[in-house]
1. Output the number of residues of the stretch B:365-398 satisfying the condition of being crowded, with 24+ Cβ neighbours inside 10 Å, assigned to a helix (DSSP H, G or I), of a type in the set (G, A, S) and touching a Ser or Thr at 6+ places or on another chain (Cβ under 6 Å).
2. Quick test for you: out of A:F245, A:F217, A:F227, pick the one residue that is touching a Gly at 6+ places or on another chain (Cβ under 6 Å), under 19 Å from A:T133 (Cα atoms) and not assigned by TED's automatic domain parsing to the domain that holds A:A335.
3. Output the number of the condition that B:Q572 fails; it satisfies all remaining conditions of (1) assigned by TED's automatic domain parsing to the domain that holds B:N458; (2) surrounded by fewer than 24 Cβ atoms within 10 Å (Cβ to Cβ).
4. Against the definition (outside any loop (DSSP other than H, G, I, E, B), touching a strand residue (DSSP E or B) at 6+ places or on another chain (Cβ under 8 Å) and of a type in the set (V, I, T)), how does B:V421 come out, yes or no?
5. Can you run down the residue pairs with Cβ atoms below 7 Å, 6 or more apart or on separate chains, where the first is in the stretch A:302-317 and more than 7 Å from chain B (Cβ to nearest Cβ) and the partner is part of a helix (DSSP H, G or I) and of a type in the set (F, W, Y)?
6. Hey, among A:L343, A:L351, A:L328, which residue is within 14 Å of chain B (Cβ to nearest Cβ), over 18 Å from A:S253 (Cα atoms) and touching a residue at least 60 places away in the same chain (Cβ under 8 Å)?
7. Would you confirm whether or not the stretch A:529-538 contains a residue that is among the acidic types (D, E), over 30 Å from A:D438 (Cβ atoms) and either touching a residue at least 24 places away in the same chain (Cβ under 8 Å) or part of a loop (DSSP other than H, G, I, E, B) (or both)?
8. Among A:K160, A:K130, which is assigned to a loop (DSSP other than H, G, I, E, B) and over 30 Å from A:T238 (Cα atoms)?
Protein chains: 2
Amino acid sequence: MEKVAAPLHTLPLKSVQINDSYWSRYIQLVRDVVVPYQWEALNDRIEGAEPSHAIKNFKIAAGEEEGTFGGMVFQDSDLAKWLEAVGYLLQTEKDEKLEKIADEVIDLIAKAQHKNGYLNTYYTLKEPGKQWTDLCECHELYCAGHMIEAAVAYFDATGKRKILDVAIKLADHINEVFGGEPGKISGYDGHQEIELALVKLYETTGNKTYLRLSQFFLEERGSQPHFYDKEAEKRDGTTHWQNSFMIENKAYSQAHAHVYEQDRAIGHSVRFAYMCTGMAHLAARTGDEEMIKSCKRLWRNVVSRQMYITGGIGSQRHGEAFSFDYDLPNDTVYAETCASIGLIFFAQRMLQLEPNSEYADVMERALYNTVLAGMSQDGKSFFYVNPLEVHPQACEANENYNHVKPVRQSWFGCACCPPNVARLLSSLGQYIYTVQGDTLYTNLYIGSKTDVELNGNNVTLIQESNYPWSGEIKFTVEADQENDFTLALRLPDWCAHADLRLNGKKVLMEEITNGYVHLKRTWSAGDQFQLILAMPVERMKSHPLVRQNAGKVALQRGPLVYCLEEADNGPQLHQISLPANAPLQVQEDENFLNGLVVITGEGERQKAEDWGTGLYQRGTHTATETVPLTFIPYFAWANRKIGEMKVWVDEKGNR
Amino acid sequence: MEKVAAPLHTLPLKSVQINDSYWSRYIQLVRDVVVPYQWEALNDRIEGAEPSHAIKNFKIAAGEEEGTFGGMVFQDSDLAKWLEAVGYLLQTEKDEKLEKIADEVIDLIAKAQHKNGYLNTYYTLKEPGKQWTDLCECHELYCAGHMIEAAVAYFDATGKRKILDVAIKLADHINEVFGGEPGKISGYDGHQEIELALVKLYETTGNKTYLRLSQFFLEERGSQPHFYDKEAEKRDGTTHWQNSFMIENKAYSQAHAHVYEQDRAIGHSVRFAYMCTGMAHLAARTGDEEMIKSCKRLWRNVVSRQMYITGGIGSQRHGEAFSFDYDLPNDTVYAETCASIGLIFFAQRMLQLEPNSEYADVMERALYNTVLAGMSQDGKSFFYVNPLEVHPQACEANENYNHVKPVRQSWFGCACCPPNVARLLSSLGQYIYTVQGDTLYTNLYIGSKTDVELNGNNVTLIQESNYPWSGEIKFTVEADQENDFTLALRLPDWCAHADLRLNGKKVLMEEITNGYVHLKRTWSAGDQFQLILAMPVERMKSHPLVRQNAGKVALQRGPLVYCLEEADNGPQLHQISLPANAPLQVQEDENFLNGLVVITGEGERQKAEDWGTGLYQRGTHTATETVPLTFIPYFAWANRKIGEMKVWVDEKGNR
């Protein structure tokens, strides 16, 4: 008889208290700056920024104000994402003032909800009576999904049911409207999100209706004749966009085929990541083998063929989309911050399907590089697009690079990224561990104190480290009594050599499974063990089919990808090459930003002054000179003066 | 007293009879295929192609047919460019059938002309009464300019005045409507062309009014308050385009500043080249020193900072435009065929300002590479965009490369390039020589027999060669009597070593001025001399500020730039590097196309099979294998099966 593995799950956010030399500052930034700033933005109180209209829309819909709808058709979701972040913040730290603001906004939301459960200010204000007529373009279920996520987070934090009841009423209404039964709309949203939210609502309520509805939405996607065409026909072809791109291009929203048949990342990268998150989360609860296969197939494609070394996804601006296998342009890249956040969601759900360090490796890569690069060090400005190579003049003077900004922007017309960063960082504790039976898997190395029940007993596990700058992580077990359980520690893909010490003594790593070293023993209070991950500078190469990185090298140390910036290395970074055998030094710089480790070495720079004025010249020799180079962590770029940046650098002497 | 140089001028096309192993085939192709094909296209008789409407528009305007205007606002110019090409063909070879067709079409054009001289089928049919109200967007003067060019060419060919009289009447009407005097429109066209045409009309008629009108249009450009805004205000802001881009972006049509103040190539590349052509042509006739300075300044910028090695110009699709100095992306390039033709026009006019081989070098570069690449070897399909690097899958699956086509197209909705190629090739004889006093400058090496008056006597000069495959060019002088004159031969920029033989004996090159070797002597009938240009394979490098070509090399032999094509070298061309010291062989391939010289050698190719499945890997070594490489002339690419192509190749061992 085959042994059925126990289900995998994350730990409640409340039980993980982060106390980390690297991350605590970020989380505090979200608490002190990002969330308050966003509250001001949602209330249209940021000078110089385009008004959000989000709160105002709810006030008008609730009958508290006069006026007309403003903002994008999915503007409600900005408020929901903010509220979700607040829910996470309140789960880890009491904040009466913030809770009061949230309670008031929840009252407002509840007032804006229709009697039948419907909730969407755009349709309430702008097109009453037309709800559920343009799912393809209008994000009604997307907004509902975000509201459900917010409700679950806020309920988990406070135990207050009001917003949860709003969400339940909304989900029940959706369940009455959508489904395969006659009289119901046999359709789905143009922007996936509701699917993953319904699984969360199921987890909180135990009501399997939501699980089935999630499955319905996922399985209906891509059916023929196509839902987008059918609803467009009913609308006599009217659209809510400047053209019918979204309706015609089914692959843009991954609605070109059934999810069971899709075999590669395609279309809008955020939609793709949210869909996969929903699929994996659902499959983790249902055990649907076909769905699990689809998740693995799509995962394999995106991480093995369409992901930047920074964990960014989406190779083109057009449709904010994937392009094709191994097409990873560094300068015309999209790599939206939200898409990497979606990839982290997807990875976290895959970790609930099976313990495999690969998922956590990708999670770590996206988190420490693209997501952190997405936010400035003061938490006040954000990148939407995360390039791996920037030439500021090109961003201005060549329209091909126009979507790439060399400086972070304070707020966006379509403001999806900042609140997404906020809700991810404020819930970071959920990403550190997964539990399966009496095994605790450590996925991320983040200083924290965690309460978990293992083998029927309460255990407290303390993690301490100077990660990501150092690979030495110390764990301390606190428990009332001796207890048999297994601690499984991820051995990161970037690490070639790891050591383990138990209570000061080096121990052999006896069992390494799926990228985790397993420590199975009877643990006593005060047991300490150390994981020592060798963290030299690594020269990374790209797959030979990635044409943009041919002959190039990127530096990585631990989880951090590094880059050259003009501030350290002068302009014309393309003139620099790094000899294949150049020794590289690691150096702490406490004065740069909040202290970070830079990599220094000697490179070659093409000499420009000998050239003359001609554009092309005959000749076999290119004159170069030796120059000192400084590489900084990618996440830290664009925090000084505007300038060039480059991750992939020509390697001299290798090709 | 300063010596005033004699004026420089080209030779009449009639006096230059091309008989060349390389070019005669192309010119015959224009005669036999391109011009007849275009005639069918203008008459909407090409199956599967969008109708041109050009002839039909004229028939309706002439009252011969019923119907409405079709095609672009500048559709008339397609017919004019065709007629101009016909004029050139008839100048070099009698063709009664073609002349009859042209005479009929001229009758049609004359019937479509208004009594007051106005001629434009768009405004005649679609917006009667609204003529001259949207110069910025509607190309009325542009179309007039092309009609004038056609008229001059056809008159020169046949001596028939009908179309010349149409052109004079049109130009006189324009002179009544436009100018600085009160009551006239103080404006200019959004697409430069009339300026250069009016100088041609002056040369044919001797009427200085046209010279002054050309000068007015050029000098008025960029005046403030801005003409585009003023006429838009008069139209109450209505536009003829989907947006007001052309009106707002003054630099798009080089109307952002006075021509005397402009210092770099900017905006739409064809407009820029036509403007500069007009400026230089006008300055050659007026001697305006300020205008000459402006021409030289703009020439310097475009050829030293914004020109591809293929002679292509225009670095971005957006606005079919220049971007900024040293920004020359090979794969997202524009490099429109018409823009390189415009650059050749500009160069030819600069050669009428001063004898300087640099102008001819650029003319040759653009002609032998971009222009010839623009047309398929059968003369039936054309490139609009001329990339220096192509990955066919990217053209389909990544919208950034969508404007780049890996195969030539049969006709274009905006069909400017094919007729432009036709009129250039059919008038190629005009580009070979310039004359100044008793000096004959040879700018291009093209087999031909030329009659020219030098020092008061008739001379016939015969050029024979196997250029561009061989650098040996033989000249024979035929004359009735002994005669003192100077033959000046261009020493091309690509040539490091040249020899000269006079009647079989090697002679020293005593006088080399501005890139021409001068042979001043008393010439006798039957005198022969040979120019022997060493033509090894050259490794070309780009200026250190061109970031796209850092570490890369391009091969050039004689005037021809070479490229790697998938058909010879397999896919994944980015995996190939060329060692800095690799010996390169030259090899004739008589079976490929119409016979050409290929370059072969050994390169290194990154081994893909050892890699595995991961997208990124740690490691210092990249495994390569030695592979044979074949480079073909750039102009010959995309004449076999669809595949990758690459001009700039990574150079191994140099950086």
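The values are calculated or read from the model by the stated rules, or taken from the named source; none is laboratory data. Not measured: the values here are computed from a predicted model. Cβ placement follows ideal geometry from the backbone for every residue including glycine, while neighbour counts extend to all protein chains displayed.
1. Final tally of qualifying residues: 1.
2. Working: A:F245 fails: touching a Gly at 6+ places or on another chain (Cβ under 6 Å); A:F217 fails: touching a Gly at 6+ places or on another chain (Cβ under 6 Å).
Of A:F245, A:F217, A:F227, the one residue that is touching a Gly at 6+ places or on another chain (Cβ under 6 Å), under 19 Å from A:T133 (Cα atoms) and not assigned by TED's automatic domain parsing to the domain that holds A:A335 is A:F227.
3. (1)
4. yes
5. A:T310/A:Y634
6. A:L328
7. Narrowing the stretch A:529-538 to residues among the acidic types (D, E): A:538.
Next, from what is left, pick out any that are over 30 Å from A:D438 (Cβ atoms): A:538.
Next, only the ones that are either touching a residue at least 24 places away in the same chain (Cβ under 8 Å) or part of a loop (DSSP other than H, G, I, E, B) (or both) stay: A:538.
Yes, the stretch A:529-538 has at least one match.
8. Numbers: A:K130 fails: over 30 Å from A:T238 (Cα atoms).
Selected residue: A:K160, the only one of A:K160, A:K130 that is assigned to a loop (DSSP other than H, G, I, E, B) and over 30 Å from A:T238 (Cα atoms).
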